[in-house]
Amino acid sequence: MQPDPKTKPLETLDRRKGWRVWWQLTRPHTLTASFVPVTVGTVLAAEYTRIHFGLFFAMLIACLLIQTATNMFNEYFDFKRGLDNEHSVGIGGAIVREGVEPKTVYRLAFILVGVSLLLGAYICMKSSWWIAVIGSLSIAVGYLYTGGPYPIAYTPLGELFSGFFMGVVIILISVFIQTGEIQTAQTLVSVPVAILIGAINLANNIRDMDGDKKSGRKTLAILLGRKRAIGLLAAMFAVSYLWLFLLIATEGMTPWILLALLSLPTAYKAVRNFIGKTAPKEMLPAMKATAKTNTQFGMLMAIGIILSYLW
């Protein structure tokens, strides 16, 4: 079988733009969904133990690699199913716009998974081999998100899976590898972060509604309709912020975590920029604001938790 003349391997890319092609393929605006939960989980662990920075960086890099690999699998499988073209918005575009061979993207994704497994082995040696089971399941979910016969991304469960595995699971693993145990309060702290990661997924699906309908997907945004999906996005933001007060009232969390409220204007901007928009390019500012909300909320909450240790 001859290679597609429109595609080319990595070594034939223009070197001046090569790094930009691969950087865009990682979908950098989504990577907040990895570094925020690792940071929050590690900060929560600092109340009980001295932080092992080797484990912190191993966990952070492994999560970023797995998410990047997931994005590459997404790019590959959507191309193979004919869903992406050179005009598609929100994709890396390495295949359909830059002419990279699909198998190059696919193989690179597995290389990143392989490196993450090595980091995972180090983490397990320093903590528990049960982490290997959870990590393997997370990698499988990343692959099956757009791969396999029944991709998760084509169902209404995308927000649930992304929020749970990238929010709750990552935060609790980050706590466990440092302390060897998990507290109820730490689980509850993971909830608003998980919701906001799910919101990134929902925002993506709101933007892609028209194209997803044509491809036969049944995402949550499609089932709800555009107006209700935007309403759900606003509700997810609201619950995340109200959850902070619940943590203070029921778990004795410090009022310092209310620093996360400073991200409210960005959440408002995300919802406002979706209203009345139908073209995917018009919704890009809303997409970016949704991802920024997760970043700002998570990092401000982490700073608040650190301040609570000092005062």
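Given the stretch 195-253, what helices (runs of 4 or more DSSP H) lie entirely inside it while holding 2 or more residues that are on the phi < 0 side of the Ramachandran plot and aliphatic (A, V, I, L, M)?
220-224, 226-251
How about the stretch 57-74: which of its residues are touching a residue at least 40 places away in the same chain (Cβ under 8 Å) and of a type outside the set (Gly, Ala, Ser)?
Answer for the stretch 57-74, where residues must be touching a residue at least 40 places away in the same chain (Cβ under 8 Å) and of a type outside the set (Gly, Ala, Ser): 59, 61, 63, 65, 66, 67, 68, 70, 71, 72, 73, 74.
Quick test of your reading of the structure: residue 266 fulfils all but one of (1) surrounded by 19 or more Cβ atoms within 10 Å (Cβ to Cβ); (2) in contact with a Leu (Cβ under 7 Å, 6 or more places away or on another chain); (3) free of Cβ contacts under 8 Å to residues at least 60 places away in the same chain. Name the failing condition by number.
Exception for residue 266: condition (2).
Which condition number does residue 96 fail, the rest of (1) in contact with a Phe, Trp or Tyr (Cβ under 9 Å, 6 or more places away or on another chain); (2) part of a helix (DSSP H, G or I) being met?
Going through the list (1) in contact with a Phe, Trp or Tyr (Cβ under 9 Å, 6 or more places away or on another chain); (2) part of a helix (DSSP H, G or I), residue 96 breaks only (2).
State all residues of the stretch 151-194 that are open to solvent by 40 Å² or more (accessible area, probe 1.4 Å) and within 14 Å of the chain's Cα centre (by Cα); if no residue qualifies, say none.
Residues satisfying the conditions are 160, 161, 164, 166.
Restricting attention to the stretch 201-224, and to residues there that are in contact with an Asp or Glu (Cβ under 9 Å, 6 or more places away or on another chain) and aliphatic (A, V, I, L, M), which single residue is nearest to residue 289 (Cα to Cα)?
For the stretch 201-224, the residue satisfying everything is 202.
Return the residue satisfying two criteria in turn: it lies in the stretch 93-107 and is in contact with a strand residue (DSSP E or B) (Cβ under 9 Å, 6 or more places away or on another chain) and of a type outside the set (Gly, Ala, Ser), and of such residues it is nearest to residue 21 (Cα to Cα).
If we take residues in the stretch 93-107 being in contact with a strand residue (DSSP E or B) (Cβ under 9 Å, 6 or more places away or on another chain) and of a type outside the set (Gly, Ala, Ser), then 98 is nearest to residue 21 (Cα to Cα).
Looking at the stretch 290-309 only, could you name the residues that are crowded, with 22+ Cβ neighbours inside 10 Å and of a type in the set (Gly, Ala, Ser)?
291, 298, 302
On the given criteria, is residue 106 open to solvent by 20 Å² or more (accessible area, probe 1.4 Å) and at pLDDT below 95?
Considered against the rule, which asks whether it is open to solvent by 20 Å² or more (accessible area, probe 1.4 Å) and at pLDDT below 95, residue 106 comes out as yes.
Only residues that are hydrophobic (A, V, I, L, M, F, W, C), open to solvent by 50 Å² or more (accessible area, probe 1.4 Å) and not in a helix (DSSP H, G or I): list them for the stretch 269-289, please.
The one that is hydrophobic (A, V, I, L, M, F, W, C), open to solvent by 50 Å² or more (accessible area, probe 1.4 Å) and not in a helix (DSSP H, G or I): 275.
Could you list, in sequence order, all residues of the stretch 61-70 that are open to solvent by 20 Å² or more (accessible area, probe 1.4 Å) and not hydroxyl-bearing (Ser, Thr, Tyr)?
Correct list: 61, 64, 65, 66.
The values are calculated or read from the model by the stated rules, or taken from the named source; none is laboratory data. Source: prediction; values computed, not measured. All Cβ positions, even for glycine, are placed from backbone atoms using ideal geometry, and neighbour counts span all protein chains on display. The area values use the complete protein model at the heavy-atom level, side chains included, leaving out ligands, DNA and RNA. Shrake-Rupley method; radii C 1.70, N 1.55, O 1.52, S 1.80 Å.
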